[in-house]
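Undergrad: For reference, the structure I am asking about is given below.
The values are calculated or read from the model by the stated rules, or taken from the named source; none is laboratory data. Bear in mind the structure is a predicted one, so any value in this text is a computation, not a measurement. Cβ placement follows ideal geometry from the backbone for every residue including glycine, while neighbour counts extend to all protein chains displayed. Note: accessible area is taken over every heavy atom of the protein model, side chains too, but ligands, DNA and RNA are not part of it. Shrake-Rupley method; radii C 1.70, N 1.55, O 1.52, S 1.80 Å.
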Amino acid sequence: MKIGFDNEKYLKIQSEHIRERIAQFDGKLYMELGGKLFDDHHASRVLPGFKPDSKLRMLGQLRDSIEILIVISANDIEKNKVRADLGITYDEDVLRLRDEFIRRDFMVGSVVITHYNGQQAADQFRHRLSREGIKSYIHYPIDGYPHNVELIASDEGFGKNDYVETSRPLVIVTAPGPGSGKMATCLSQLYNENKRGIRAGYAKFETFPVWNLPLKHPVNIAYEAATADLNDVNMIDPFHLEAYGKTAINYNRDVEIFPVLNALFEGIYGENPYKSPTDMGVNMIGFCICDDEVCCQASRDEIIRRFYAATNKMADGADNESEVNKIRLLFNQAKISTATRKVTVAAYEKKIESGQTAAAIELEDGTIITAKSSPLLGCSAALLINAMKYLAGIDHEAKLIPQSLIEPVQKTKIEYLGGKNPRLHTDEVLVALSVLSQNDENCRKALEQLPLLRDCQVHTTVMLSEVDRKIFKKLGCGLTCDPVRKI
């Protein structure tokens, strides 16, 4: 993988910038943390060289100054809201996040339950936290939030909320997902700190859009593609342009809310320390791009991957036509099409040539390997074998898994387990190779090539099963599939 991002520089200058922001206030900063902290794979895909846990590693340099607040909405607890990527409820994710932070030696101070209005499920969750020795606080809904500034910045608004006791200068406010109340928690704390004579500060740590890249830079367009289901729109920050005469990029929700935040800051402090929504951010990622073209190409690939992900959801029955159409428009802005992705074209050509569903992978050296479905193997399983044989220098015609081993597996799948597809999946092929590798040198050599598939691009002309998708994800491949369901 070509590197386009200087990760070590990022770790250094980002932590330095946060320290400077803390010093601007009374040694107390509440920082709203948006996006993923432990596993930001979107950032690592569009900024090759960025490590998925870079933000966590960066914060590790400030560990002794950090206290973490985890925020969850009582409404999400009551609705049993689920994180789609993990398949667990938000309340379970609060405990998971807490354990993950503690395992990495971060101090987790407490949990804040927002939007509390007597929900029984929230009471039960709070009791559970208490039994486990975890402090919790309650924040209430405020009529007219966020526009009724006079009420919000008063003892009947933020003043009714529990004051969250914290002991360290940098308080990271995070949550299982959007809409949890992170910003309101920060602002409530500013109000209540100010009543106690402490002029605490607020900052927002979000990775995208990158404020000092052009509006139509592929990295920023890729962010719009990633949030097409939320209908986020990147835009020039008009407040920043007016205040400084300089162009900075933000997104619609932050720009729309800034006049309200400005009034809230004035209600709390008497003045707003920030002149624009961009001023509130602390993101230094744009300064750490070391090869712009590498990041541009990676971002174009990501936009195409997002398009296929959206069309696959639609093929599965989702009502997301607006999301698909939004990404189509982004194709025009980025001057790309699905044909821009080499493996997409290669897989389609293999399908035409063979008359079967097909797959293609682009290896690190640029070589493209293809495969088709057969009575024994699905196209994705065949692709894995072909790629491993090429990388291991094994003749393409060599049979790694004998038909005599495959057929009994197929019989079990169909006759005993009631399956309809006799072809072996990717996981079944890898298990078979693992068993054979004890006595077969070629199978052993083939398996040793698996780490070389990380960051390789894959496309199939049919939607893969969940099992196959997970295998490619574990291998670190960038997978896309035509929105065609298996018959």
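Undergrad: Which one of these is modelled with pLDDT of 95 or more and of a type outside the set (D, E, K, R): L424, L452, L417?
TA: Selected residue: L452, the only one of L424, L452, L417 that is modelled with pLDDT of 95 or more and of a type outside the set (D, E, K, R).
Undergrad: Quickly run through the stretch 401-419 and pick out the residues that are of a type in the set (V, I, T) and part of a loop (DSSP other than H, G, I, E, B).
TA: I401
Undergrad: Specify which of the listed residues (L33, L29, L37) is within 13 Å of A203 (Cα to Cα), in contact with a Leu (Cβ under 6 Å, 6 or more places away or on another chain) and either buried (at least 21 other Cβ atoms within 10 Å of the Cβ) or in contact (Cβ under 8 Å) with a residue 12 or more places away in the chain (or both).
TA: Just a single option satisfies the conditions, and that option is L29.
Undergrad: Just need a number here: residues in the stretch 276-321 that are in a loop (DSSP other than H, G, I, E, B) and either in contact with a helix residue (DSSP H, G or I) (Cβ under 7 Å, 6 or more places away or on another chain) or under 18 Å from D40 (Cα atoms) (or both).
TA: Residues in the stretch 276-321 being in a loop (DSSP other than H, G, I, E, B) and either in contact with a helix residue (DSSP H, G or I) (Cβ under 7 Å, 6 or more places away or on another chain) or under 18 Å from D40 (Cα atoms) (or both): 5 in total.
Undergrad: Looking at the stretch 340-350, which of the residues that are in contact with a helix residue (DSSP H, G or I) (Cβ under 9 Å, 6 or more places away or on another chain) and of a type in the set (A, V, I, L, M, F, W, C) is least open to solvent (accessible area, probe 1.4 Å)?
TA: Among residues in the stretch 340-350 that are in contact with a helix residue (DSSP H, G or I) (Cβ under 9 Å, 6 or more places away or on another chain) and of a type in the set (A, V, I, L, M, F, W, C), the one least open to solvent (accessible area, probe 1.4 Å) is A347.
Undergrad: Still on this structure: Counting just the residues of the stretch 325-343 that are closer than 21 Å to P209 by Cα, in contact (Cβ under 8 Å) with a residue 24 or more places away in the chain and in a helix (DSSP H, G or I), which one comes out nearest to the chain's Cα centre (by Cα)?
TA: The selected residue is I327.
Undergrad: Here are S110, S65, S73, S44: which of them is under 16 Å from the mean Cα position of the chain (by Cα) and not hydrophobic (A, V, I, L, M, F, W, C)?
TA: It is S44.
Conditions tested, residue by residue: (1) of a type outside the set (S, T, Y); (2) free of Cβ contacts under 8 Å to residues at least 40 places away in the same chain.
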position: V164; (1), (2): yes, no
position: I172; (1), (2): yes, no
position: G179; (1), (2): yes, no
position: K182; (1), (2): yes, no
position: T185; (1), (2): no, no
position: H217; (1), (2): yes, no
position: L241; (1), (2): yes, yes
position: G245; (1), (2): yes, yes
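Undergrad: What single numbered condition from (1) small (G, A, S); (2) part of a helix (DSSP H, G or I); (3) surrounded by fewer than 18 Cβ atoms within 10 Å (Cβ to Cβ) fails to hold for A398?
TA: Condition (2) is where A398 drops out.
Undergrad: Find the residue count for the stretch 442-473, including only residues that are part of a helix (DSSP H, G or I) and open to solvent by 10 Å² or more (accessible area, probe 1.4 Å).
TA: 13
Undergrad: Of all residues in the stretch 229-250, count the ones that are among the small types (G, A, S) and open to solvent by 50 Å² or more (accessible area, probe 1.4 Å).
TA: So the count comes out to 1.
Undergrad: Next up: Counting only residues that are outside any strand (DSSP E or B), in contact (Cβ under 8 Å) with a residue 24 or more places away in the chain and open to solvent by 40 Å² or more (accessible area, probe 1.4 Å), which one in the stretch 351-375 is farthest from T338 (Cα to Cα)?
TA: P375
Undergrad: Name the residue that is nearest to the chain's Cα centre (by Cα), counting only residues in the stretch 251-262 that are assigned to a helix (DSSP H, G or I) and crowded, with 18+ Cβ neighbours inside 10 Å.
TA: D254
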